[in-house]
1. Report, by chain and number, residues whose modeled amide H sits under 5 Å from the one on residue 149, excluding near sequence neighbours (fewer than 5 apart, same chain).
2. How large is ³J(HN,Hα) for each residue in the range 77-84, as worked out from phi by the Karplus curve 6.51 cos²θ - 1.76 cosθ + 1.60 (θ = phi - 60°), to whole Hz, x for Gly and Pro?
3. About the Cα centre of the range 20-98, what is the dipole size in debye to 20, counting +1 per Lys and Arg Cβ and -1 per Asp and Glu Cβ, all else neutral?
4. Starting with the fewest neighbours, write out 151, 160 ranked by other beta-carbon atoms found within 10 Å of each beta-carbon.
5. Could you tell me the extents of the range 20-98's C-alpha atoms along the three principal axes, largest first, rounded to whole Å?
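Coordinate-derived values only; no laboratory data. Everything numeric in this text was worked out from a predicted model, so none of it was measured. We place every Cβ from the backbone using ideal geometry, glycine too, and count neighbours over all the protein chains shown.
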Amino acid sequence: MRGSAGPGGGAGADGPAAGGRGDELVALLYREFRAPLLRNVRLLTGGDEQWAEDVFQEAALRAWRRADGLSRERGELWAWMMTVSRRIVIDDRRQRGTRPVEVEAGRGEDPAVPDASEPTLSALVLAQVLPGLADHHREALVLVYLRDRSVGEAAEELGVPPGTVKSRLHYGLRALRDALRR
């Protein structure tokens, strides 16, 4: 796991006060969200499998620390995990940008160039598919997943109840998945 497990991260370094509640949450996260979240985070990390796994573990640790305050409702928990994961990747990128890694290239070898084609291709495909979705589905997806709004913030911005936003996200993701399969 990454080295950010320290004081001030929720209920303390020893986890949530409700003991087993945090463990139950982490088990739920691994069972329900690990595979789809890793798929999404891999896109954010440029296909870096290890980095994506580190991000998931850090997000699960943060959820464990906040187990007493997190909703167990699937849509809210998914949105929370995606938001936290995205923010972890952003923080990691910022940190890497402040202290570049020094690597000495061997003689006669070309330094490896990272392949950024997958995120670029994904962005292009998404840009082609999003306009084909219903307006209300597209608005909800863009606000929550691309602009990092919570369900509550998106509901306020759209002028609809949070349950409506959750429903639009559910059906919007389904429509997006179907469109991507085609």
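1. Residues meeting the criterion, in which the H sits 1.01 Å from N, are 144.
2. 5, 4, 4, 5, 5, 5, 5, 4
3. Dipole magnitude for the range 20-98 comes out near 200 debye.
4. Ranking 151, 160 by Cβ neighbours within 10 Å, fewest first, gives 160, 151.
5. 37, 23, 19
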